[in-house]
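**Q** This is the structure I have questions about; it appears just below.
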Amino acid sequence: MSHAMTQDAPPAAPLNSLLSHRRMPRWAPAGIAVAAIALGSGIGAVAGLASKLQWCLIALVLFVALTYLITARVEGRRQAKDRVATSLVWACFVVAVVPLYSLLQTTISKGVKVLDGNFLGHSMGGVITTQPGGGVYHAIIGTLEQVALASLIAVPVGLLTAIYLVEYGRGKLAKVVTFFVDVMTGVPSIVAGLFILAFWIIILGFGYSGFAGALALSILMMPVVVRSTEEMLKLVPNELREASLALGVPKWRTIVKVVLPTSIGGILTGVMLAVARIAGETAPVLLLVFGNQLINNDPFNGAQSSLPYYVYEQYTNGNDASFDRAWAAALVLIAFVMILNLVARGIARWKAPKTGR
């Protein structure tokens, strides 16, 4: 009986046929991207659009639309929505990278015209602005000294403030400190420059100097250090603190020996972000450092220059030789920030806590 029922029942469908469905080939996204670029370029050329950026935007829109239409046709709407989300992520990535690439490409192509050893090793002393020649050495010295002084002021204060807020801060005082850190984060650079101008130069009677500019830069740098350090300290597991305290280690020593070494990589990254924040500031330098065509190695006495001020100064001269010097100085400033970031990553990797097996 059972044997007869087994013979009459329809054969079961193979498991592979039940689970399998049509899928697009792996090269489909690349093919769609090529088709979208071709269509976008064609539409841009036919429409008479001169900007290649407009062509790229058209191609991005076509890429997302074609991805949805083709995927919905082959794999269904549910899979099409997933692919569209992925396509949007890639499109946003391209939109973010294109301006950065354009900036670097433009700066490098125009900055290398006069960027050589003579440009890096000489100042603008005795150089006619309309003629080629001169260099950026005095501005490099000024930037290094001003950023170093600002870091010496802002980093210890910001680090100790963040430690207080995370490890000790309770009650109204911590709320007040947090509020003012948030306020300082949004302070425009010109306001910081005006404050130091009124307090340091007008009220106290000190002259224009690199140190005056460093004071304004430290105001801009401090909240960035506090916020980044605070977030890194919060990421340290409380179990590490509790284990150290359970062994009888004082709290201050736990912070120095356990908490800070664990988060040193993130703290250094935050400091470098703060340095990058102030390295390109021009407004405080215009108000306080005042500019100098000659080399001044003393940041506490007399006017100095800096890379942002040098770029502004050369651009306002309005001639081809000055434009070339401005682009070269901008390239030096970008290289300066990149080197600092690479050094910070190296130190962070070196000082990071070693993981056991």
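The values are calculated or read from the model by the stated rules, or taken from the named source; none is laboratory data. Quantities reported herein were computed from a predicted structural model and do not represent experimental measurements. Backbone-built Cβ (ideal geometry, glycine too); neighbour counts: all protein chains shown.
**Q** From the list 65, 72, 50, 91, exactly one residue is modelled with pLDDT of 85 or more, within 26 Å of residue 101 (Cα to Cα) and of a type in the set (A, V, I, L, M). Which is it?
**A** 65
**Q** Ok, one more. Is it the case, given these coordinates, that residue 300 is in contact with a strand residue (DSSP E or B) (Cβ under 9 Å, 6 or more places away or on another chain) and farther than 22 Å from residue 111 by Cβ?
**A** no
**Q** Taking into account only those residues within region 159-196 that are within 19 Å of residue 216 (Cα to Cα) and among the small types (Gly, Ala, Ser), which is surrounded by the fewest Cβ atoms within 10 Å (Cβ to Cβ)?
**A** It comes out as 186.
**Q** If you don't mind, another one. Keeping to region 197-223, report how many residues are assigned to a helix (DSSP H, G or I), small (Gly, Ala, Ser) and surrounded by fewer than 23 Cβ atoms within 10 Å (Cβ to Cβ).
**A** Here the count works out to 1.
**Q** May I pose another question? Given the options 321, 344, name the one that is in contact with a Ser or Thr (Cβ under 8 Å, 6 or more places away or on another chain), in the same structural domain as residue 213 (by TED's automatic domain parsing), more than 26 Å from residue 192 (Cβ to Cβ) and not basic (Lys, Arg).
**A** None of the other options fit; the residue is 321.
**Q** I'd like the full set of residues that are of a type outside the set (Gly, Ala, Ser) and in a helix (DSSP H, G or I), limited to region 186-196.
**A** Selection gives 190, 191, 194, 195, 196.
**Q** When region 158-173 is examined, which residues are found to be touching a residue at least 60 places away in the same chain (Cβ under 8 Å) and either under 23 Å from residue 250 (Cβ atoms) or over 24 Å from the mean Cα position of the chain (by Cα) (or both)?
**A** 159, 161, 162, 163, 165, 166, 167
**Q** For region 98-132, how many residues are free of Cβ contacts under 8 Å to residues at least 40 places away in the same chain and not β-branched (Val, Ile, Thr)?
**A** The qualifying residues number 13.
**Q** Let me ask something additional. Every residue in region 115-158 that is assigned to a loop (DSSP other than H, G, I, E, B) and β-branched (Val, Ile, Thr), please.
**A** 127, 128, 129, 130, 136
**Q** When you check residue 229 against the structure, is it in the same structural domain as residue 156 (by TED's automatic domain parsing), touching a residue at least 60 places away in the same chain (Cβ under 8 Å) and assigned to a helix (DSSP H, G or I), yes or no?
**A** yes
**Q** Within region 33-66, take every residue that is of a type in the set (Val, Ile, Thr) and more than 18 Å from residue 95 (Cα to Cα) and give me the one that is farthest from the chain's Cα centre (by Cα).
**A** Among residues in region 33-66 that are of a type in the set (Val, Ile, Thr) and more than 18 Å from residue 95 (Cα to Cα), the one farthest from the chain's Cα centre (by Cα) is 46.
**Q** So, one more: Among what's in region 224-265 and is of a type in the set (Gly, Ala, Ser) and crowded, with 20+ Cβ neighbours inside 10 Å, pick the residue that is farthest from residue 183 (Cα to Cα).
**A** The qualifying residue farthest from residue 183 (Cα to Cα) is 263.
**Q** Condition first: among the polar types (S, T, N, Q), surrounded by 20 or more Cβ atoms within 10 Å (Cβ to Cβ) and assigned to a helix (DSSP H, G or I). Now tell me which residues in region 266-303 satisfy that.
**A** None - no residue of region 266-303 is among the polar types (S, T, N, Q), surrounded by 20 or more Cβ atoms within 10 Å (Cβ to Cβ) and assigned to a helix (DSSP H, G or I), so the list stays empty.
**Q** Being within 30 Å of residue 214 (Cα to Cα), of a type in the set (Val, Ile, Thr) and surrounded by 13 or more Cβ atoms within 10 Å (Cβ to Cβ) is the requirement here; does residue 147 meet it?
**A** For residue 147, the condition - within 30 Å of residue 214 (Cα to Cα), of a type in the set (Val, Ile, Thr) and surrounded by 13 or more Cβ atoms within 10 Å (Cβ to Cβ) - is met.
**Q** Got at least one residue in region 125-134 being at pLDDT 90 or above and surrounded by fewer than 19 Cβ atoms within 10 Å (Cβ to Cβ)?
**A** The answer is no; no qualifying residue exists.
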